[in-house]
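The values are calculated or read from the model by the stated rules, or taken from the named source; none is laboratory data. Computed from a prediction, not measured in an experiment: that's the story for all the values here. Note that each Cβ is placed from the backbone with ideal geometry, even for glycine, and that neighbours are counted across all protein chains shown.
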Amino acid sequence: MNPIKILLAVVAVMLVGAGIYYAPIIDRLYFSVTMEDEASMAENLRIADTKYRTHIIPRSSNPEAFPKQLKKDVLPESFINHGKAISSADFLKESRPTGLLVIKDGQVIYENYWQGLKESDRQFAFSVAKSMTSVLVGMAIGDGLIDDVNDPVVKYLPHFKGSAWDQATIANALEMSSGVDFDEDYSRTDTDMRRFQIDFVLDKPVEPFLLSLDSAGPPGVKQGYNSMETQLLGFVLRSVIGDRTLADYMHEKLWEPLGAQDDASWTTDVTGMEITIGGLSMSLRDLAKVGQLFLQRGQWKGEQLIPEFWVLESTTPSKPYQMPGRDNPLSEKPFGYGYLWWTPVDPSGREYYASGLYGQYLFVNEEKGLVIAMYNANINFNQDPDGWKERYEDFFQAIAQAL
């Protein structure tokens with residue numbers, strides 16, 4: 001055969017092979033770039049877990065629905081934000097919700113879905129996964145797999161000795177007070193978070209990224225929002241649960257006993273490590289069950305699924321840099337922070353919540369026996385993340401006050 005034809009055939013085979021190899025990466029890159037397209041954002045959040053590697057968290061073998069007692073006028077006509085009355089109808093139009101579920105005293109009193117989301121659909125919940133990771137840390141402590149929240153992380157990850165994480169404790173990571181330097185400004189493209197996202201899409205494992213970070217100061221001094229703190233906790237958990245994945249552990253300890261009605265999924269990196277900073281997709285009704293579990297101080301049908309002390313400790317700011325307030329010099333945020341759970345700027349009793357990018361929320365008000373789960377496809381969120389978070393807080397608090 002003609003040598004040139006042989007060479008061309010080999011090149012053609014190599015190009016086809018390269019195309020097959022790189023096609024998923026190109027697809028993920030395109031999907032990531034177009035995530036915020038207004039016309040398709042709601043659908044993108046529903047299908048996000050089909051674009052990445054995932055571990056499935058199967059629904060419970062005994063799925064169980066909340067009882068329903070739907071009521072009228074659950075949502076207030078308006079609420080106050082920074083002294084200004086905002087129409088709830090206008091707020092919902094602007095925030096572009098996909099689902100809203102309100103539970104009072106264990107019964108669903110309001111449930112609605114928009115933009116194609118159905119009650120059994122799961123949606124990418126972004127940093128709500130951080131609060132779920134905190135839940136798993138508490139369970140691991142309850143199981144005796146982690147000795148103490150004040151243990152240094154290198155006790156469980158000895159290969160992190162000498163890195164920026166060397167002096168940090170598990171509590172520091174839960175509080176986001178490790179002192180590790182990480183730029184997470186979503187309004188810019190020249191940040192550490194953007195670098196992490198690009199590495200992830202290009203199939204680079206996440207652990208080397210964590211080990212590459214530098215220290216900005218000593219741990220336990222101030223709070224600085226750093227998603228990598230939660231990823232570190234994911235590695236701590238994986239180091240103590242044996243051959244199980246985090247998805248396995250979550251199914252066994254949470255989804256199965258809660259009677260979860262739907263499969264959830266957890267995005268992983270190329271090595272199979274779950275992306276604990278924000279890789280969970282769940283149905284709204286199953287997410288609400290976690291809120292109800294917390295409302296019940298970790299008890300479910302007579303069984304203590306989460307240690308009660310963990311429910312209280314993880315949702316209660318206690319150190320100066322965790323306290324809410326717009327004038328707290330030790331925190332870059334006006335909100336309170338526990339162990340990967342937020343508290344409102346102006347709390348009304350015991351209130352706390354999980355929060356994710358583009359408007360994903362799980363809000364609990366203990367005094368009112370209230371759980372609110374809400375998904376959004378808020379295309380405007382990144383223009384003013386803290387401002388939007390305050391508006392959601394005020395909306396949820398107004399619902400609580402009206403009941």
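I'm checking my understanding of the structure. Among residues of region 271-320 that are surrounded by fewer than 24 Cβ atoms within 10 Å (Cβ to Cβ) and acidic (Asp, Glu), which one is nearest to the chain's Cα centre (by Cα)? Across region 271-320, the extreme among qualifying residues is Glu313. Being more than 26 Å from Phe66 (Cβ to Cβ), polar (S, T, N, Q) and either outside the structural domain of Leu100 (by TED's automatic domain parsing) or in contact with a Phe, Trp or Tyr (Cβ under 7 Å, 6 or more places away or on another chain) (or both) is the filter here; which residues of region 372-403 pass it? If the condition is that a residue be more than 26 Å from Phe66 (Cβ to Cβ), polar (S, T, N, Q) and either outside the structural domain of Leu100 (by TED's automatic domain parsing) or in contact with a Phe, Trp or Tyr (Cβ under 7 Å, 6 or more places away or on another chain) (or both), then Asn382 is the only one that fits. If I ask for residues that are more than 14 Å from Asn378 (Cβ to Cβ), touching a strand residue (DSSP E or B) at 6+ places or on another chain (Cβ under 7 Å) and not hydroxyl-bearing (Ser, Thr, Tyr), which ones from region 78-116 would you list? Residues satisfying the conditions are Phe79, Ala85, Ile86, Leu101, Val102, Ile103, Lys104, Gln107, Val108, Ile109, Glu111, Asn112.
Just a yes or no: is a residue in region 118-127 under 18 Å from Lys289 (Cβ atoms) and aromatic (Phe, Trp, Tyr)?
no
Counting the residues of region 334-381 that are among the hydrophobic types (A, V, I, L, M, F, W, C) and over 14 Å from Gln292 (Cβ atoms) gives 10.
Of note, Pro152 does not satisfy the criterion of being more than 20 Å from the chain's Cα centre (by Cα) and without any contact (Cβ under 8 Å) to a residue 12 or more places away in the chain.
With the structure loaded, tell me whether Asp151 is modelled with pLDDT of 95 or more, surrounded by fewer than 18 Cβ atoms within 10 Å (Cβ to Cβ) and under 25 Å from Ile141 (Cβ atoms) or whether it fails that test.
yes
Reported count of residues in region 366-403, each being more than 19 Å from the chain's Cα centre (by Cα), crowded, with 22+ Cβ neighbours inside 10 Å and closer than 28 Å to Met35 by Cβ, is 1.
In the set (1) surrounded by fewer than 21 Cβ atoms within 10 Å (Cβ to Cβ); (2) out of contact with any His (no Cβ under 8 Å at 6 or more places or on another chain), Tyr249 fails one condition alone, (1).
Please count how many residues of region 73-92 are out of contact with any Lys or Arg (no Cβ under 6 Å at 6 or more places or on another chain) and not in a loop (DSSP other than H, G, I, E, B). Full working, then the answer.
Filtering region 73-92 for residues out of contact with any Lys or Arg (no Cβ under 6 Å at 6 or more places or on another chain) gives 73-80, 82-92.
Still in the running and not in a loop (DSSP other than H, G, I, E, B): 78-80, 84-92.
Summing the residues that are out of contact with any Lys or Arg (no Cβ under 6 Å at 6 or more places or on another chain) and not in a loop (DSSP other than H, G, I, E, B) in region 73-92 gives 12.
Return a yes/no flag: does region 284-305 have any residue that is within 29 Å of Val206 (Cα to Cα), out of contact with any Phe, Trp or Tyr (no Cβ under 8 Å at 6 or more places or on another chain) and in the same structural domain as Ser178 (by TED's automatic domain parsing). Yes: one or more hits. Residue check: is Gly259 over 20 Å from Ser355 (Cα atoms) and either assigned by TED's automatic domain parsing to the domain that holds Ala373 or surrounded by 18 or more Cβ atoms within 10 Å (Cβ to Cβ) (or both)? Considered against the rule, which asks whether it is over 20 Å from Ser355 (Cα atoms) and either assigned by TED's automatic domain parsing to the domain that holds Ala373 or surrounded by 18 or more Cβ atoms within 10 Å (Cβ to Cβ) (or both), Gly259 comes out as yes.
Restricting the search to strands (runs of 3 or more DSSP E) fully inside region 308-403 and requiring at least 2 residues that are aromatic (Phe, Trp, Tyr) and touching a residue at least 60 places away in the same chain (Cβ under 8 Å) gives 360-365.
Being on the phi < 0 side of the Ramachandran plot and modelled with pLDDT under 95 is true of Gly224.
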